[in-house]
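One structure below.
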Amino acid sequence: MMIEQKTNYAYKLKYIENLTFDKVRDLTKHFINDLHKKLVDELYQNLERGVIQIDSEPQMLVYLYSFGKMHQAKLNVAFENIPPIFFEQPEINIIDYGCGQAIGTMCYADFLSQKGITQKIKKVTLIEPSEICLKRAALHTSTFFPDAEIITTNKEFDYLSDGDIVCEEDTPTLHILSNVLDLEFDLGNFAQVISDNLKGYNQFACVGPFFNMPPIDRLMDDFAGFFYEAKDNFNKIFDKYQLYPDKSWTAHIRCFSIGELEENLSTEVTEEDIKNGVEDEFGVVYSRDGKRLLKCNKEVETYIIKTNTRVICDRAFIVLHNLSDYDLEDFRNRSFFKQITIPNSVTTIGEEAFQFCISLQKINIPNSVKSIGKHAFLKCKSLQQITIPYSVTSIGEGAFNNCVSLNLIIDSNSFVVKDKMLIDNNENILISYFGANNIIIIPNSVKSIGKNAFFYCESLQQIIIPDSITHIGISAFGCCYSLQQITIQISVTSIGENGFCGCVSLQQITILNPETSIGKNAFYGCEALKQIIIPEGSKEHFKQMLPEKLWDKLYYLKKAIEAPNN
């Protein structure tokens with residue numbers, strides 16, 4: 001990477017707090033003030049309105065100060081007219097063509113900051129024929145985006161090749177072309193090199209002057225025309241004083257995109273969402289655009305979710321809240337939510353979406369679904385069969401807990417089912433247990449018991465943990481009402497918060513590792529707990545993590561269990 005270093009400008013830039021593009025312009029003015037006025041005027045004239053190739057620092061300073069505000073005004077209009085979904089992308093790449101001193105990249109940083117948008121810039125490619133400008137562009141970019149990978153390409157447009165334009169399939173790319181398309185070069189070849197190397201989603205922001213001279217003014221439209229799949233977002237000409245009230249700047253601004261972006265639709269539902277939603281004849285409320293299923297307000301036996309729905313929101317079909325077994329039995333004979341059909345447009349099933357739908361017998365997971373939220377089907381006791389398609393890459397903790405009738409079929413290398421245990425095959429984490437056995441033996445392949453993995457497994461009385469396990473997650477055994485005793489192997493180094501919370505029948509727990517850490521409230525509500533058996537000499541260690549009321553339940557492993565340590 002070519003970058004300016006160890007210059008007065010670089011040192012001063014480094015210590016500017018809350019850096020903005022305007023502060024960079026102020027810094028250039030500071031340096032310009034040290035130049036003779038006649039020299040400044042001469043430099044400005046020699047710039048020929050910014051079309052010459054800059055080869056000195058004084059020229060750089062005068063250019064950025066003189067033309068920076070104009071670039072900023074045009075670019076802000078362009079950025080304002082980029083589709084909002086682009087700013088929802090958590091991570092993007094930037095290619096800044098004829099970047100000069102990276103004015104376009106700096107203005108994009110400012111735009112994100114002013115709009116309160118959090119977006120990571122993964123990589124910035126700076127293309128510029130002037131070596132001195134390119135080095136300063138890298139300096140500016142590294143200051144505004146210190147975590148970004150910076151690639152510098154010191155070439156004229158006519159000499160660009162395939163390796164100079166690098167896009168990524170999974171990361172959207174912003175292409176910035178600020179005041180460059182009216183310059184003299186082979187526009188067709190330039191566009192072809194870019195087109196040949198496009199991958200994934202690409203957003204173009206093109207700005208330049210409007211000359212009222214058709215051959216030149218057509219260049220931006222000609223450039224966009226080379227991309228046959230381009231979708232116009234914005235295309236407008238601004239005459240004098242239209243772009244900026246007291247400036248005679250003109251502008252042609254065009255934004256277009258190639259490819260499609262996945263919308264980041266939230267699974268969370270607010271009161272405002274419900275208020276503005278649309279309820280169908282079955283009492284199911286959708287967002288006004290029909291993309292999110294928000295809530296079901298009525299009892300229905302069968303329901304077909306509307307085509308084009310993208311998200312089934314959190315708790316959308318939940319009908320029971322913290323009810324006792326007696327209450328559940330009362331609901332068992334009622335006929336709502338027996339069969340639900342999900343269309344092939346749904347990508348996300350939210351948290352607790354079908355929790356406690358105890359009459360639900362049949363539901364399909366189409367291959368459009370990518371993620372299933374935590375506790376999505378918790379205690380769906382009548383659910384008989386679900387096939388997890390290859391498209392699903394994320395399944396939340398406890399997604400199928402207490403689905404005691406379920407035959408879960410996996411069509412993906414990412415997950416595996418063994419003895420009613422759903423295991424993340426990549427991370428070797430036990431995600432969910434959906435059986436009804438009294439005794440469970442965890443496979444040796446499992447390295448970690450995930451968050452909520454056995455939550456609400458009411459029939460579980462005894463569990464055998466292999467010495468492959470190193471961690472027991474948050475609430476992993478929460479509300480396992482029948483669990484009576486458990487041995488935590490020496491391999492286990494940590495037990496998460498609320499690990500055994502609500503295990504009302506738990507009487508004895510043996511912890512073999514003297515250094516195992518225990519999270520807050522790990523044994524909250526374990527009223528039947530009589531003994532916590534620990535290795536000799538580790539009492540003070542465990543006292544630091546357990547409430548005082550449990551201290552008298554600590555017994556040493558090497559002594560008689562009946563006799564407490566004194």
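Observations
- Within the range 186-206, the residues that satisfy the criterion of being outside any helix (DSSP H, G or I), closer than 28 Å to Asp239 by Cα and not hydrophobic (A, V, I, L, M, F, W, C) are Asp186, Gln203.
- The lone exception for Asp289 - which of (1) of a type in the set (Asp, Glu); (2) under 28 Å from the mean Cα position of the chain (by Cα); (3) closer than 17 Å to Ile342 by Cα it fails: (3)
- Lone qualifier among Lys14, Lys115 - being farther than 25 Å from Leu174 by Cβ and either basic (Lys, Arg) or touching a residue at least 60 places away in the same chain (Cβ under 8 Å) (or both): Lys14
- Test: residue in the range 559-566 that is modelled with pLDDT under 95, of a type outside the set (Phe, Trp, Tyr), under 30 Å from Ser445 (Cα atoms) and surrounded by fewer than 18 Cβ atoms within 10 Å (Cβ to Cβ): no
- All positions within the range 403-413 that are modelled with pLDDT of 90 or more, in a loop (DSSP other than H, G, I, E, B) and either in contact with a Phe, Trp or Tyr (Cβ under 8 Å, 6 or more places away or on another chain) or exposed (fewer than 13 other Cβ atoms within 10 Å of the Cβ) (or both): Cys403, Val404, Leu406, Asp411
- Restricting the range 207-258 to residues that are assigned to a loop (DSSP other than H, G, I, E, B) and touching a residue at least 40 places away in the same chain (Cβ under 8 Å), the residue that is surrounded by the fewest Cβ atoms within 10 Å (Cβ to Cβ): Lys247
- Thr171 being hydroxyl-bearing (Ser, Thr, Tyr), farther than 19 Å from Cys206 by Cα, at pLDDT 95 or above and in contact with a strand residue (DSSP E or B) (Cβ under 7 Å, 6 or more places away or on another chain): no
- Here is the figure for the range 177-190: residues that are touching a helix residue (DSSP H, G or I) at 6+ places or on another chain (Cβ under 6 Å) and closer than 21 Å to Val124 by Cβ total 3.
- Among the numbered conditions (1) at pLDDT below 95; (2) farther than 29 Å from Leu160 by Cα; (3) not polar (S, T, N, Q), the only one that Leu27 does not meet is (1).
- One residue alone among Phe377, Phe415 is closer than 21 Å to Ile340 by Cβ and of a type outside the set (S, T, N, Q), and that residue is Phe377.
- Filter result for Tyr63 (outside the structural domain of Arg254 (by TED's automatic domain parsing), free of Cβ contacts under 8 Å to residues at least 40 places away in the same chain and among the aromatic types (Phe, Trp, Tyr)): yes
- Residue identified as outside the structural domain of His375 (by TED's automatic domain parsing) and touching a Ser or Thr at 6+ places or on another chain (Cβ under 8 Å) among Ala251, Ala230, Ala224: Ala230
- Scanning the range 248-281 for residues that are of a type outside the set (Ser, Thr, Tyr) and over 25 Å from Val311 (Cα atoms) returns Trp249, Ala251, His252, Ile253, Arg254, Cys255, Phe256.
- Residue in the range 375-382 that is surrounded by 23 or more Cβ atoms within 10 Å (Cβ to Cβ), of a type in the set (A, V, I, L, M, F, W, C) and in contact with a strand residue (DSSP E or B) (Cβ under 8 Å, 6 or more places away or on another chain) present: yes
- Residue pairs meeting the criteria (Cβ under 6 Å; at least 6 apart or on separate chains; first without any contact (Cβ under 8 Å) to a residue 40 or more places away in the chain, in the range 410-436; second part of a loop (DSSP other than H, G, I, E, B) and of a type in the set (Phe, Trp, Tyr)): Asp411/Tyr390; Ser412/Tyr390; Lys420/Phe434; Ser432/Phe400; Tyr433/Phe454; Phe434/Phe400
The values are calculated or read from the model by the stated rules, or taken from the named source; none is laboratory data. Please read all numbers here as calculations on a predicted model, not as lab measurements. With ideal geometry, Cβ positions are generated from the backbone for all residues, glycine too; neighbour counts draw on all protein chains shown.
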